[in-house]
Amino acid sequence: MGWETWLIGTISRALAYGTPLLLGTLGEIYAERSGVLNLGVEGMMVMGAFSAFATAYTTGNPWLGLLVAACVGGAFSLIHAFVSITLRANQIVSGLALTMLGLGLAGVLGRGWEGKPLEAALPALTVPHLAKIPGLGPSLFVNQNALVYLAAGLAVLLWFVLYKTKIGISIRAVGDDPATADAMGVNVFRTRYLCVLLGGVLAGLGGGYLSVAYRPAWTEGMTAGMGWIVIALTIFAFWNPLLGLVGAYFFGALYHLSYRLQPWTSPELLKTMPYVFAILVLALVARGTLKRRMNAPAALCEPYIRGEE
Amino acid sequence: MKGIWIRVLLVFLLVSGLGLMPLLIGSAAGAGGNLKAGFIYVGPIGDYGWSHAHNAARLIVEETFPWLETVYVESVPEAEVGTYIDRLIQQEKVDVVFTTSFGFMDGTLAAAQRYPEKIFAHCSGFKRAPNMATYMADFYQVYYLNGLMAGALTKSGKVGYVGAFPIPEVKRHINAFTIGVREVNPTAEVHVRWIFEWYNPAAAKEAAEALIKDGADVFAFTEDSPTVVQVAAQNGLPSFGHYSPMFDFAPDYVVSGQIVHWEKFYLDFLAKVYAGMYNTTNLQDVDYWGLLREGAVEAGAKPGMLINPKFEGALKDKKVRICIGIHLPDSTCIGVWIEISVYELVMLRLEQMKDFEMVFDPFTGPIYDRKGNLVIQPGARATYDELLTMEWAVEGVVGPWPGEP
C-alpha cells in the first residue's frame, strides 16, 4: 500500500478522533485563560454524552441531542463556577468533585439506556466537489462529521477573539492579574463565569459528539479518560486555541498510528507513544527558551477577592 | 462563617460524587428470603459487556428462586475486594459471595479463609478452597463456529480481530476463530490489533478503523463494548457480536456472535447450596467450565438466532470439502471426505460440540503454531490446562502476539 493511502487514512482518523478533544480543549483554554482551572472536563463530557444520546434517541434528532448536551455541559460547569468563583473554594477539589459527580450521575441516569442502538445518529458526510481534490479531498472531506468542521472553525474563531478583540484582552487580563483588570473596569466575576460556562458548553458538545456521531451508543463511562487528555492538551497548546487544534489532531494521528503500526512495532510501546510524546514536548518546552512564551495565565487557580492584595 | 458553608458544600459534592460512583450497593430486596447472595463486579453494570452479563444473570436467579435475596457492588477495584467482602458479610449478612474478575482471586481466597462458615465462588480463576469454588464460561467453541462463517464471507482474505489483552483467554478465542476461518478458507488470514483495555470504546474504534484501512472486511473481537460491530456496519462490513446480543446494533451486518448464559451456573450452584449439596467443606474440587454442551454459552446474533437470515444464502452457497475423521497435515484423511456447504458445516459442528460426548472440539490435533511447531499431537485434544495456559498463535494469525513462545 502506498504512502498516500497511509497519509490519507491517518489524517482522516486524526480529524475524527481529535474533534472531541479539540472541543474540550478549546473550552478549557478559555476557562483557564480567565484564571479558573476546571478538572471537571471528564464529568461534563460524560454528562454531555449521556444527555445527547438520550435526547437523540427519544426525539430522533441528533442535532437536538447536541444542543441539549451543550446546555447540560454548561449547566454542570456552573456548579464549578459557583463553588470556585463565588465561594472561592479550592478549584482542584471542586473540579475533581465535578468529574466524580458527572461519571456517577451519568451512570445512574444511564441505567437501561445501554445496549440500545441509535437510529438517529449524526450522519457522516462527504463534501461535494471538495472531496474530488486529489489527496486533500479523501483526507479531509470524505466520511467526516459536520461537527469536525464546526470544531475546526470554532478554533479559528476563538483564537481570533482571544488575541484580536477587546473581549480577548479582558479575558486574558482577568486570568493574569484580576486586581488590575478589576481596577480597569473589567467585571472579573462575570468574565470568569462566562469563560467557565463556555468551557462546559464545549465539553458537553464534545461528549455529545462521542455518543451521537463518533460511536452512536451509550455505555457507562464511555469518555474513558478523554477529559484528562483535554487537560494535558490545554497545557500542550500553551493556552492558544490554534495550537490546541494542532495538538488535538496530532494526538489523534498518534492515537490512530498506535493501532496501525502494530504489525511492525511492539504494541505495548505504541500504546504509550501519544502520551510519551506529550510529556517530551512539555519537558523540552519547559527547559528551553520557549519557557517565557509558555503563557500560563498568572492567576490560574487563584480565587479573586476584591480589595485584597 | 462563609468558610464553613464552603466546606459543607465541598464535602457534599465529594460525598455525592463518590457515593454515586463505586458504592452503589443495590439491594433488590426480596423480603423474607432465607439465602442471601452477594455479587462483586469489577466494572459498571452499564458496560453492556462482562459485568452487565453477570448482573443480568443475577436478576434471573433472583426472579427464579423465591427463597433467594441478592445484593451487588459494582466497579470494585481488584486490590480492594477483601474490604468489600467484609462489608457484604458483616453489614449485608450474605451467605454466599460471588466475585467476578480474575484479579479478585487472591482476595477471595483470603476471605474464604477468614470466613470459613461462608460460601464463596470465584469466576475465571484457578484457586479453590473447601468453601470456595470456581466457575467460567468459555467462548472458544463459539468463536470457532463464527470463524467458519467469517472464512466463507471474507472477500479480501483478511479477517480483522480486535483483542483486549494478549492473555491466554483472548489468545484461545483468536486461535479457535482462526482455525474456523482456515477450515473453510485455507489461505485467509486473521489480522489482530490489541487495545490493552477491556473497556475503551474509542480505542476499539480506532483499532477497527486501522484494520479497515489495512483491508480487513469481516470482523470479530474480544473487548467489552459493541464498538467493533458499529464501526464495521458504518463501513458496510459484516461482523460477529461478543458477549451480549449485538444484533440490534447492526441488523444488516451482524452475522452471528457469542452470547453468555451465566445464569446456567448461578441457578445450578445456588440450588445446590440451598439443597445442602454444596457446603463449606466440599467445594475444593468444584470447578464449573461452561461450554456449548453445558448451555453456558450460545452461538448467535441474538438469543435464538444462530445465523442472521441475511447471510444464510451466502453460507449455503459456499461449499467446502471436509474430512470426517483425522485430518493429517499432508491433506490425507483417515476417514472419509465429504463436500457440504458452510451452513451445513456450522450446524454439524454445533451439534457435535453440543453432544453429551462432545464428539468434536476445534483444538484437535494435529495443530501447528505459526512458527511451525507441532503444539497439539495428531488425534489429541487440547487438555483443560493447555487451554488455560495457551500462549501460541495458530497458523493464519497475522500481527503482534506479545508473549509468543
**Report entry** Mean Cβ count within 10 Å, highest first, over the residues of peptides A:76-86, A:145-155
**Finding:** A:76-86, A:145-155
Requested in this report: Give me the percent of the accessible area of the stretch A:3-294 that comes from carbon and sulfur atoms, probe 1.4 Å, all protein chains in place.
Outcome: 74 percent
Report summary line: Comparing B:F356, B:F39, B:F221 in a Gaussian network model of chain B (Cα, 10 Å), the one with the largest mean-square fluctuation is B:F356
Report task. At a 1.4 Å probe radius, which order do A:E4, A:E119 fall into by accessible area, largest first? Result -> A:E119, A:E4
Query raised in the report: Given a 1.4 Å probe and every protein chain left where it sits, what share in percent of the accessible area of the stretch B:152-199 is carbon and sulfur?
Result: 56 percent
Requested in this report: Any chance you could check the stretch A:222-242 for residues losing 20 Å² or more of accessible area when the partner protein chains are in, compared with the chain on its own (1.4 Å probe)?
Outcome: A:M222, A:A224
Report summary line: Here the residues of the stretch B:213-254 lying in the modelled label zone of B:K155, meaning backbone nitrogen under 12 Å from a point 7 Å along Cα-to-Cβ, are B:217-218, B:236-238
Query raised in the report: So how tilted is helix A:3-33 from the main axis of chain A? Cα-based, degrees 0 to 90, rounded to 10.
Result: 20 degrees
Query raised in the report: If you find the alpha carbon centre of the stretch B:158-200 and of the stretch A:44-116, how far apart are they in angstrom?
Result: 37 Å
Query - Per-residue HN-Hα couplings for the stretch B:98-115 [Karplus 6.51, -1.76, 1.60; θ = phi - 60°; Hz; x = Gly/Pro] - result: 10, 10, 10, 8, 3, x, 7, 4, 5, x, 5, 4, 4, 5, 4, 6, 6, 10
**Report entry** Positive-end extreme of charge dipole, the stretch A:121-255 - chosen from A:A203, A:L130, A:F250 (charges on Cβ)
**Finding:** A:L130
Query raised in the report: How much area per residue is accessible in the protein assembly as shown when the probe is 1.4 Å and only protein heavy atoms are counted (Å²)?
Result: 39 Å²
Report task. Could you order B:E339, B:E263 so the one with the most accessible surface comes first? Probe is 1.4 Å. Result -> B:E339, B:E263
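May I ask for the accessible area buried between chains B and A, both sides summed, probe 1.4 Å, to the nearest 100 Å²?
Accessible area lost upon association: around 4000 Å².
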Query raised in the report: What is the stretch A:3-294's relative contact order, in percent, from Cα pairs under 8 angstrom and six or more apart in sequence?
Result: 36 percent
**Report entry** Long-range HN-HN contacts of B:F120 with modeled amide H, under 5 Å
**Finding:** B:V97, B:M132, B:A133
Report summary line: Checking A:S266, A:S139, A:S258 against a Gaussian network model of chain A (alpha-carbon springs below 10 Å), the top fluctuating residue turns out to be A:S266
Report summary line: B:K316 and B:D252 label points (each 7 Å along its Cα→Cβ direction) are spaced in nm at 2.2 nm
Report summary line: Relative to chain A, whose Cα atoms define the longest principal axis, helix A:91-109 and its Cα axis are tilted in degrees, nearest 10, by 40 degrees
Query - Between 0 and 90°, nearest 10: helix A:241-260 axis offset from chain A longest Cα axis - result: 40 degrees
Report summary line: Listed by chain and number, the residues whose amide H is under 5 Å from that of B:W289, excluding neighbours fewer than 5 places away on the same chain and using placed H, are B:M136
Query raised in the report: Ordered by residue, what ³J(HN,Hα) values in Hz, to whole numbers, does the stretch A:59-72 give under the Karplus form 6.51 cos²θ - 1.76 cosθ + 1.60, where θ = phi - 60° and Gly and Pro are x?
Result: 8, x, 10, x, 5, 4, x, 5, 4, 4, 4, 4, 5, 5
Report task. Go ahead and set up a Gaussian network model of chain A, Cα springs under 10 Å, then flag whichever of A:P20, A:P128, A:P241 fluctuates most. Result -> A:P128
Requested in this report: Treat each spin label as a single point 7 Å out from the Cα along the C-beta direction, and report the A:V93 to B:A271 distance in nm.
Outcome: 5.5 nm
Requested in this report: Take the solvent-accessible surface of the protein heavy atoms, probe 1.4 Å, and return the percent of it on the stretch B:239-342 that carbon and sulfur atoms account for.
Outcome: 53 percent
Requested in this report: Could you tell me which Cys residues in chain B have no other cysteine's Cβ under 4.7 Å from their own Cβ, answering none if every one has a partner?
Outcome: B:C123
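The values are calculated or read from the model by the stated rules, or taken from the named source; none is laboratory data. Here the structure is a predicted model, which is why all the values come from computation and not from measurement. Using ideal geometry, Cβ is built from the backbone for each residue, glycine included, and neighbour counts are taken over all protein chains shown. Each accessible area value is taken on the protein alone, full model and side chains, heavy atoms only, with ligands, DNA and RNA left out. Shrake-Rupley method; radii C 1.70, N 1.55, O 1.52, S 1.80 Å.
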